[in-house]
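A short write-up of the structure that comes next.
The values are calculated or read from the model by the stated rules, or taken from the named source; none is laboratory data. Note that the structure is a prediction, hence the values are computed from the model and not measured. With ideal geometry, Cβ positions are generated from the backbone for all residues, glycine too; neighbour counts draw on all protein chains shown. Ligands, DNA and RNA are excluded from the accessible area calculation, which covers all protein heavy atoms including side chains. Shrake-Rupley method; radii C 1.70, N 1.55, O 1.52, S 1.80 Å.
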Amino acid sequence: MLYWTLILWFLQIPKFVSAIMTVNISKCYYKTTEDFHHEGDIMIGAFFPIHTYYSAKKIPHPFLPYYYIDNHIQYNFKNYQYILALLFAIEEINGNPNILPNISLGFDFYNVRFTEKDTLMNAFNWFTNRRKKKGLPNYNCNKEKISAALTGTSWTTSAQISTLFQLFKFPQLSYGPYDPILSDRSQYFSLYQMAPKYASLSHGIVSLMVHFRWSWVCLILPDDHKGNKILPEIKEDMQRKGVCIAFVKMIPATWTSHFSKFWENMDEVNIIIIYGDIDSLEILMRNIGQRLLTLKIWVLNIEPHVTDYADYFFLDSFHGSLILTHHYRKNFEFTNYIQTVNPYKYPEDIYLPKLWHLFFKCSFSDIDCQLLANCQANASLDVLPCHIFDIAISEESKTIYNAVYALAHSLHVMSIQQIQIQPHENGDVLVFSPWQVITILNTFLKEIDERDNMSLDWRQKLNAEYDILILWNLPKGLGLKVKIGSFSANTAQDQQLSLSEEMIQWPEGFSDIPQSVCSESCKPGFRKIILEGKAICCYNCTPCAEDEISNETDVDQCMKCPESHYSNTEKNHCFQKTVIFLAYEPLGMTLACIALCLSALTAFVIGIFVKYRDTPIVKANNRALSYTLFITLTFCFLCSLNFIGQPNLTTCILQQTTFGVAFTMALATVLAKAITVVIAFRATFPGRMVRWLMMSRVRNYIIPICTLIQLLLCGIWMAISPPFIDNDVHTEHGYIIIFCNKGSSFAFHCVLGYLYSLAFGGYTMAFLSRNLPGTFNESKFLSFSMLVFFCVWVTFLPVYHSTKGNFMVAMEVFAILASSSALLGFIFGPKCYIILIRPDRNSFHHIRDKTHSRRNKTYVM
């Protein structure tokens, strides 16, 4: 169907052009009137802008599209559809027995010239029913009853006529775009606007911006009250949705060369929103085409007459433009009706003969000025190209259709009331008092106007639904408007906008969806930082922080990963962290092997001492304390294994208790050894205290007493704040470290402090006895081992608190192994050397010789 329409359109263009260029010298053709009459019982006044005059002083309008000029007359046949919509509605009502039975509607047409004087004169002539002569106030020449007037399309035309009609409280129906000024009842109390308010149109435009991610746009508005009213509404909607206005351009009332700077800075944006009405945008549209402003996406709130221009370059400027219009159901009956319209069907019409003569080569009779039947065979309005006459019902025509039905329903209600009040005989036409008609009609129309959603059958319910159209200009000069989607404010927010993007053809130069942003989008893994003093759409991008992600573009804040997850390098996904602990892997296995080896070495040393238990060096150092120290050192080495492997509650408790108790016993044993040496060498001196110490075996109580104190400290620790299983999610990226939390840091340091005191006591006793005589005096080794032990654990504290995770646990294991190794090595290493390497020094004979030589040296001295 589209293919044959295009072929027919291109074939007709030469005929139409040749028809325009043909000059008809017939006097009938130049006979032009301002009005015509369509008979009816009740008349409607129709004030439509169809043609205008110009003279030598008043040149034709230079910007109006495809206006046909002849004999100082400019015709806009696009607006002729208004008359057809009025005729169509009247014929439907007159043929409907359920509306105004036995009463017919008619109309008086008056052309609107866009001059206040002529407009008011036509309105006055119709109001007094003086179509042929000058009107007289308060005088009615005919018996027809006038009901209401249809005015538009400009709000100024309706306002001018209203100054006359409201003096007589005469109803006036405006079919032009809704205007907030005309809704002021204090100024226009008899005027009713039939067009919808378009309360959600700005929401639809902003939804388009959000859908295509257009955040940096230009806004063009008329410099009048409507532009000033809609500007804050659009700004609020855009700000709420994160769309910024780069700059606002106000359309001047008078377009001159002075406004060439109007188009400055347009290169900064690709998306330009034009919001206004036909009258305010007509010159702007033409100026856009003249400037060849391509590579722009125009978003409009109305269907401009851009397709009315035959210039291909003009249509190129608007190719890919998006248009939002109020949704109406297609009226196929109206299309079929247009196909039946011809000059012979409506002989009173003053425009149909001109159309037939101009486009279908019909001629006039020189005798009676009647149109001859010598036209083309396919003469019909539906074959005309849409830039000349569009058969698709326009928004204004639909409003006219609705207005006529509103008036008819009002009159029908009044006729029923009149019949009930004043019965009439059959065949008599009801006679209404003019003032009664005006009063009832005013009341009825006011009730209709105050409703948000009109529920009468003749009018669709206004559901704030809009069609989204795109202008195609491929092939060149096509100028086709195609529906690609819709916007409905009554549905869920995520379902309001519906688009068929595969049908969108963007302007040449855009291979994909055009971009219009102040700043490049922040990719996933980044977030926006608004620049100070700039719009919210102008920003810098900064990477998300550690363990934060953004998996969308242009996010204001990054999303923090759960503690059990971590962010990847790109900062756009969260991954599950791996649970780790000081396991039997390289580090843990190394420490465990060292602990086992040292335990085995301790067992080996025990075996040596057991084997050589009767030798002087073993006997001289208190075998019982040595065996006790061997056993406690073995436990010290083995207790480090509690720190390796996956922690549980038992191992957490055993870690600290076994460590504290084992080392307490080891240090207490060393202390007992040191005290034993001191007591042994002091026993040769008289003294009751020394003898009491030797007799009472106080050294045998040192180990249990010291151990009991440590057990008491550990018991209090376990009772008040015992260790527990904890995890560290921050130390190592991507890992959750499970470890044993000590519960009470104070209790842990008390245990260490107690060990420090025992080590210091043992060191002091050993240091005091380091110079005492004796072949196997081990005081020096005891003091040195305590010194090393003390250094290990003093160094441990700062290192322990400065490390985290597995290394913290490994540090404690290392300190345990190092201090235990110091006790084993420095105390028993020299003895093992004598026993195994120098057995000659481990005999009573050697001891006697060494003692004898020492005495001889003393005597010589």
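Within the accessible area of region 221-296, the carbon and sulfur atoms contribute 48%, probe 1.4 Å, all protein chains present. Region 781-805 and region 585-643 have Cα centres separated by 20 Å.
Ranked from largest to smallest solvent-accessible area, with a 1.4 Å probe on the protein heavy atoms, LYS742, LYS117, LYS780 come out as LYS117, LYS780, LYS742. Using a cut-off of 18 Å between Cα atoms, the listed pairs LYS235/LYS534; LYS619/LYS673; LYS226/LYS249; LYS560/LYS742; LYS226/LYS483 include LYS560/LYS742; LYS226/LYS483 as exceeding that distance. Calculated FRET efficiency, LYS361 to GLN515, Cβ-Cβ distance, R0 = 41 Å: about 0.20 to the nearest 0.05.
Return the carbon/sulfur percentage of the accessible area of region 482-631, one whole number, probe 1.4 Å, all protein chains in place. Spell out each step's value before the answer.
On the way: 4690 of 8640 Å².
Roughly 54 percent of what the probe reaches on region 482-631 is carbon or sulfur.
You can think of it this way: the chain between ASN102 and GLN493 has 135.8 nm of extra reach, that is 0.36 nm per residue less the Cα-Cα gap.
Tell me, what is the FRET efficiency for LYS619 and VAL579 to the nearest 0.05, using R0 = 60 angstrom and their Cβ-Cβ distance as r? All intermediate terms of the calculation are to be shown ahead of the outcome.
Working: r = 54 Å, r/R0 = 0.90.
Efficiency, from the Cβ-Cβ distance: 0.65.
A Förster radius of 22 Å, combined with the Cβ-Cβ distance separating GLU546 from THR795, puts the computed FRET efficiency at roughly 0.10.
Put ILE391, ILE720, ILE234 in order of accessible area, largest first, 1.4 Å probe: what do you get? Provide the component values of the computation, followed by the final result.
On the way: ILE391 50, ILE720 135, ILE234 5 Å².
Ranked from most to least accessible, the order is ILE720, ILE391, ILE234.
Within a Cβ distance under 13 Å of ASP349, other residues only, what is the Lys/Arg minus Asp/Glu net charge? Surrounding charge for ASP349 is -2. Model label points for ASP840 and VAL482, set 7 angstrom from Cα along the Cα-to-Cβ axis, are 11.3 nm apart. Exposure check, 1.4 Å probe, all protein chains in place: ASP237 carries approximately 10 Å² of accessible surface. Counting 0.36 nm for each residue step from ILE536 to THR569 and taking away their Cα separation leaves a gain of 9.1 nm.
A crude spin-label estimate for the pair ASN741 and THR803, with each label 7 Å from Cα along the Cβ direction, gives 2.2 nm.
Could you work out the local net charge near ILE834, counting Lys and Arg as +1, Asp and Glu as -1, over the other residues with Cβ closer than 12 Å to its Cβ?
On the way: positive: LYS831, ARG838, ARG841; negative: GLU778, ASP840.
Computed value for this residue: +1.
Measuring with a 1.4 Å probe in the full set of protein chains, what accessible area per residue, in whole Å², belongs to region 527-615?
That works out to 60 Å² for each residue.
What is the extension gain from ARG329 to ILE608, computed as 0.36 nm multiplied by their sequence separation minus the C-alpha to C-alpha distance, in nm to one decimal?
Gain in length upon complete extension: 89.6 nm.
Remark: region 150-204 carries 32 Å² of accessible area per residue (probe radius 1.4 Å; ligands, DNA and RNA excluded).
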